[in-house]
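Worksheet: the structure to be examined is printed underneath.
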Amino acid sequence: KQWYQRRVAITAGADEWNVESDKYKASPQWKYDVVNSGMTLREFKFIWYMEWGHRHLGRVIGTCVVFPTLALLTRPWISTNLKLRLVGFSGLVTFQGFLGWYMVKSGLEDHPESTDIPRCVYLLLIKSLK
């Protein structure tokens, strides 16, 4: 069972927080993490809110770039050169979102037959910071 946030709304009740925390503790990330093995519920909430906010910020940024680009592509007064640049920029933003998603996904995969500790693909982090 892998932990990931699927909620749009922020978790409210103590029971819901415990369920989310238990899901996280069942993930490979928790299993191999020695540093955070004594994480309190308060510390978990901080991480949860940071990840929730980061995910939604990415969605807002993607929406604010992709949809206006699509709208501008239909306008005849926009030059072909500018349309190509808009599509290129929108594609880069979309690719950035994909890299972030893949990096998180790679850190949550567990390979029981392997002796390797699950890690995110850090090269993707480097690419996303460029």
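Within the set 106, 90, the sole residue that is open to solvent by less than 70 Å² (accessible area, probe 1.4 Å) and either charged (D, E, K, R) or modelled with pLDDT of 95 or more (or both) turns out to be 90. Among the conditions (1) open to solvent by 70 Å² or more (accessible area, probe 1.4 Å); (2) over 29 Å from residue 17 (Cβ atoms); (3) at pLDDT 90 or above, the only one that residue 122 does not satisfy is (3).
The values are calculated or read from the model by the stated rules, or taken from the named source; none is laboratory data. Everything numeric in this text was worked out from a predicted model, so none of it was measured. Every residue, glycine as well, gets a Cβ built from its backbone with ideal geometry; the counts of neighbours run over all protein chains shown. Note: areas computed on protein heavy atoms with side chains; ligands, DNA, RNA excluded. Shrake-Rupley method; radii C 1.70, N 1.55, O 1.52, S 1.80 Å.
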